[in-house]
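A.B. asks: Mind looking over this structure? Questions follow.
Every read-out reported here was derived from the displayed coordinates using simple, explicitly stated rules and does not represent laboratory data. From a predicted model like this one, the values you see are computed outputs, not experimental measurements. Every residue, glycine among them, receives a Cβ derived from its backbone with ideal geometry; neighbour counts consider all protein chains shown.
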Amino acid sequence: MNQKQGISVRTVVAIGIGTAIFFVLMRYIPIPTGVPNTNINLAYGFLALMGAIFGPIAGGLIAFLGHMFTDLTWGEPWWTWIIADGIYGVLFGLTKKSLNIESGALSKRKLILFNVYQIIITILVWGVIAPTGDVLIYSEPASKVYLQGITSVICNALSVGILGTILLVAYANTRSKKGSLKEES
C-alpha cells in the first residue's frame, strides 16, 4: 500500500490484536515489585516486538490503548503514564527500519544496539516523562513518583531486554533471509 494512502489493513489488525494482548499481559499478568502501583509487565517485551514489526503508529497506539483499557478496568485512568506508554510505543516503533526484522537477519550487533536504545528510552520515558508529568499535573509527591519511575525503568528494561530480545530473535528466525531461496532445476 502506498504510504500516502494511510496505514495498511494488516497494521490496523495488528493494532487491534496487539492492544488486546498488551491489555491482557498488563492487566492479568503483572508481577508485583513491592513499590505501590508499579509492576513488572511482560507487555513491554511484547510491545518491543510489535513496534519493530509494525512501526511507530502501531507501537504507540497499542501501548496507549492497552494501558488506557487496563487503567479503566482498575478504576481511574492515570493519563500521564498512559501518554508516556504511547510515547514508549512510538519510540519502539522507530526501530522498525534499523532492525529490519522482516529480512530475517538479526545480528548480535543489531540486538546490542536495540538494547542500548531501549535502555535509553526506558530511562527517558519512565524515569523522566511519566513521573515529571505526575508532579506537574497531579501534584504527586516527587519522592513517590520518582521511586515508581526508577522501579519502572529497572523492570521495563529487564522485560524488554529479556522477553523483547527473545521475541525479536524468535520472530526474525521465522522470516526467510534474503537470497535464501534457490530455484530448483
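A.B. asks: Per the Cauchy relation, a quarter of the hull surface: what is the mean projected area of the convex hull of the alpha carbons in the chain, in nm²? All intermediate terms of the calculation are to be shown ahead of the outcome.
C.D. replies: Working: hull surface 48.6 nm².
The orientation-averaged projected area of the Cα hull of the chain comes to 12.2 nm².
A.B. asks: Per 0.36 nm of contour for each residue apart, how much would the distance between I123 and S176 grow if the chain were fully extended, relative to their Cα-Cα spacing? If you can, show how the numbers build up before the last one.
C.D. replies: Details: separation 53, 0.36 × 53 = 19.08 nm, distance 3.42 nm.
Residue separation times 0.36 nm, minus the Cα-Cα distance, leaves 15.7 nm.
A.B. asks: Label 7 Å along Cα→Cβ of V169; segment 77-95 residues with amide nitrogen under 15 Å?
C.D. replies: Once the point is set 7 Å along Cα→Cβ of V169, nothing inside segment 77-95 turns out to lie under 15 Å by backbone N.
A.B. asks: Could you list the residues of segment 23-42 with an amide nitrogen less than 18 Å from a label point located 7 Å from the Cα of L147 in the Cα-to-C-beta direction?
C.D. replies: 32-40
A.B. asks: Anyone know which of I112, I101, I83 comes out most mobile in the 10 Å Cα GNM of the chain?
C.D. replies: Answer for the Gaussian network model of the chain: I112.
A.B. asks: Moving on. When the chain is treated as a GNM, springs tying every alpha-carbon pair under 10 Å, which of I129, I121, I29 comes out with the largest mean-square fluctuation?
C.D. replies: Sorting by GNM fluctuation, first place goes to I29.
A.B. asks: Check cross-link reach from K177 to the lysines: straight Cα distance under 26 Å, and skip same-chain residues fewer than eight apart.
C.D. replies: Correct list for K177: K96, K97, K108, K110.
A.B. asks: Shifting gears a bit: Treat every Asp and Glu Cβ in segment 1-101 as -1 and every Lys and Arg Cβ as +1, leave all other atoms uncharged, and give the resulting dipole magnitude about the Cα centre to the nearest 20 debye. Let's see the in-between values first.
C.D. replies: Numbers: 5 positive and 3 negative charges, 90 e Å.
Here segment 1-101 has a charge dipole of around 440 debye.
A.B. asks: Please report M68, M26, M50 as a ranked list, fewest other C-beta atoms within 10 angstrom at the top and most at the bottom.
C.D. replies: Numbers: M68 20, M26 24, M50 27.
With the fewest neighbours first, M68, M26, M50 line up as M68, M26, M50.
A.B. asks: Taking the Cα centre of the chain as origin, work out the dipole magnitude from +1 charges on Lys and Arg Cβ and -1 charges on Asp and Glu Cβ, in debye rounded to 20. Don't jump to the answer; show the numbers that get you there.
C.D. replies: Details: 13 positive and 8 negative charges, 164 e Å.
Charge dipole of the chain: 780 debye, to the nearest 20.
A.B. asks: Now, a different point. Okay, helix-only estimate at 222 nm for the chain: each DSSP H run of n ≥ 4 adds -39500 (n - 2.57), divide by all residues, round to 500 deg cm²/dmol; what do you get? Show your work: numbers first, answer last.
C.D. replies: Working: 9 runs with 123 residues, N = 185.
Using -39500 (n - 2.57) per qualifying helix, the result is -21500 deg cm²/dmol.
A.B. asks: Just grab the label-to-label distance for I7 and N100, each label 7 Å out from Cα along the Cβ direction, in nm (one decimal).
C.D. replies: It works out to 2.4 nm between the two label points.
A.B. asks: Right, next: Describe numerically, in nm with one decimal, the distance between label points set 7 Å from Cα along Cα→Cβ at V35 and at K108.
C.D. replies: 3.2 nm
A.B. asks: Roughly how tilted is helix 9-28, in degrees to the nearest 10 and between 0 and 90, from the longest Cα axis of the chain?
C.D. replies: It works out to around 40 degrees.
A.B. asks: With axes computed from alpha carbons, what is the tilt in degrees of helix 56-74 against the longest principal axis of the chain, rounded to the nearest 10 within 0 to 90?
C.D. replies: Its long axis makes an angle of about 40 degrees.
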